[in-house]
1. Evaluate the following for Asp209: is it at pLDDT 95 or above, more than 15 Å from the ligand (Cβ to nearest atom) and open to solvent by 40 Å² or more (accessible area, probe 1.4 Å)?
2. Has segment 275-293 got any residue that is of a type in the set (Asp, Glu), over 18 Å from the mean Cα position of the chain (by Cα) and either closer than 30 Å to Thr190 by Cα or assigned to a helix (DSSP H, G or I) (or both)?
3. Out of all the residues in segment 222-238, which are closer than 8 Å to Ile171 by Cβ and either more than 16 Å from the ligand (Cβ to nearest atom) or among the small types (Gly, Ala, Ser) (or both)?
4. For segment 151-165, does any single residue satisfy the condition of being under 11 Å from the mean Cα position of the chain (by Cα) and within 15 Å of the ligand (Cβ to nearest atom)?
5. Go through segment 24-39 and give me each residue that's of a type in the set (D, E, K, R) and assigned to a helix (DSSP H, G or I).
6. Please determine, by comparing only the residues of segment 171-206 that are modelled with pLDDT under 95 and more than 16 Å from the ligand (Cβ to nearest atom), which one is surrounded by the most Cβ atoms within 10 Å (Cβ to Cβ).
7. Kindly check whether there is at least one residue in segment 155-170 that is assigned to a strand (DSSP E or B), farther than 28 Å from Ala280 by Cβ and either in contact with a Leu (Cβ under 8 Å, 6 or more places away or on another chain) or open to solvent by less than 10 Å² (accessible area, probe 1.4 Å) (or both).
8. Only one of these conditions is not met by Asp53: (1) in contact (Cβ under 8 Å) with a residue 12 or more places away in the chain; (2) surrounded by fewer than 20 Cβ atoms within 10 Å (Cβ to Cβ). Which number is it?
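The values are calculated or read from the model by the stated rules, or taken from the named source; none is laboratory data. In this text, all values refer to a predicted model and were calculated from it rather than measured experimentally. With ideal geometry, Cβ positions are generated from the backbone for all residues, glycine too; neighbour counts draw on all protein chains shown. Heavy atoms of the whole protein, side chains included, go into the accessibility calculation; ligands, DNA and RNA do not. Shrake-Rupley method; radii C 1.70, N 1.55, O 1.52, S 1.80 Å.
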Amino acid sequence: MNTNKIKHIGVFTSGGDSPGMNAALYATVRAAEANGIKVTGIRKGYEGMIDGDFTTLKAHELQKLVHTGGTVLKTARSKRFMDLEGRKKALQILNSNSIDALIAIGGDGTFKGLLAFSEICELPFIGIPGTIDNDISGTDYTLGFDSAVNTAIQNIDKIRDTAESHNRVFIVEVMGRDSGYIALHSGLTTGADAILIPESGKDFIYLLDKVSNYNSEDAFLVVVSEGDEIGAELVAAKIKEINPYVDLRITRLGHVQRGGNPSAQDRMLGIRLGVAAVDALFQGRKNVMAGVLHNQLHFTVFEEVVKQHQVNDELKKILELFGK
Ligand code: F6P
């Protein structure tokens with residue numbers, strides 16, 4: 001129940017798009033409509049907020065898009081919002097449109113933006129974690145991570161077929177700007193020989209050890225996160241240095257991991273968090289992110305959210321065990 005007279009919510013997606021954003025938009029609008037609240041979609045993230053690029057959202061239109069990747073609201077990484085002038089302009093636009101709360105779907109850049117905005121804007125903000133990188137504190141998973149891992153797995157499986165046929169070494173680079181989550185999950189579940197992530201210091205040493213014993217009688221798969229400080233090229237050069245006769249290829253999966261239909265898990269996460277975000281506003285919550293921890297809804301203040309999500313110890317242990 002809406003106890004604090006919110007009548008008009010603005011919602012936007014920001015930063016890198018991720019599968020499940022449309023499901024979250026649908027759930028947000030549906031929950032708001034059920035309570036007689038108007039929802040305005042702000043297009044292109046903070047850019048649209050500064051420019052007043054708005055559209056009215058209706059649940060019956062969004063329900064057709066739950067199964068789609070990307071974001072129907074479009075998205076951007078806004079440089080203008082990083083400046084106080086940009087944020088002042090956005091505030092003025094929100095006020096002149098009588099928006100009395102914001103729901104933001106995005107990654108750490110989005111939450112940093114909200115934190116900065118909260119210094120000049122009194123409106124309540126609720127965040128929903130949407131990024132394939134899974135690098136947000138306060139939630140076990142972010143929207144899009146599961147879909148991106150599934151895309152990575154499907155592609156790495158295909159690479160294995162050709163790699164095994166030729167007894168080749170393949171280095172597959174997956175996304176994750178500062179985070180090894182996609183590499184860790186996709187590497188473990190495709191039986192990779194080595195997984196390199198920014199959060200682990202020992203993985204490169206294990207790789208070098210393994211490569212020195214590699215006899216070219218099989219494929220050898222390395223999954224490396226783009227955020228890893230060593231990087232695919234250097235890994236390739238090092239492997240060649242140790243073992244100059246290996247037949248080696250590099251594949252970068254790139255943005256293919258960002259697109260495609262959301263998995264069941266991402267759709268459900270979007271539905272749960274969209275409803276939770278609207279409920280949170282009705283309960284008078286302010287400047288928190290709705291997440292799911294241990295399968296329970298959990299609200300985390302933005303200051304905590306922007307701290308990098310660490311890979312948990314259990315997964316690190318598995319990585320070490322499988323890396324050796
Ligand atoms: O959204 C996260 C992410 O896909 C990262 O994994 C990647 O480093 C980055 O965005 C790529 O950003 P852009 O689409 O702006 O090149």
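1. no
2. In the first step, residues of segment 275-293 are kept if they are of a type in the set (Asp, Glu); the result is 279.
Adding the requirement that they be over 18 Å from the mean Cα position of the chain (by Cα) leaves 279.
Among the residues that remain, those that are also either closer than 30 Å to Thr190 by Cα or assigned to a helix (DSSP H, G or I) (or both) are: 279.
Taking every residue of segment 275-293 in turn, at least one turns out to be of a type in the set (Asp, Glu), over 18 Å from the mean Cα position of the chain (by Cα) and either closer than 30 Å to Thr190 by Cα or assigned to a helix (DSSP H, G or I) (or both).
3. Correct list: Val222, Ala232, Val235, Ala236.
4. No, the conditions are met nowhere in segment 151-165.
5. Step one: filter segment 24-39 for residues of a type in the set (D, E, K, R), giving 30, 33, 38.
Listed by number, the residues that qualify are Arg30, Glu33.
6. Asp203
7. yes
8. Of the numbered conditions (1) in contact (Cβ under 8 Å) with a residue 12 or more places away in the chain; (2) surrounded by fewer than 20 Cβ atoms within 10 Å (Cβ to Cβ), the odd one out for Asp53 is (1).
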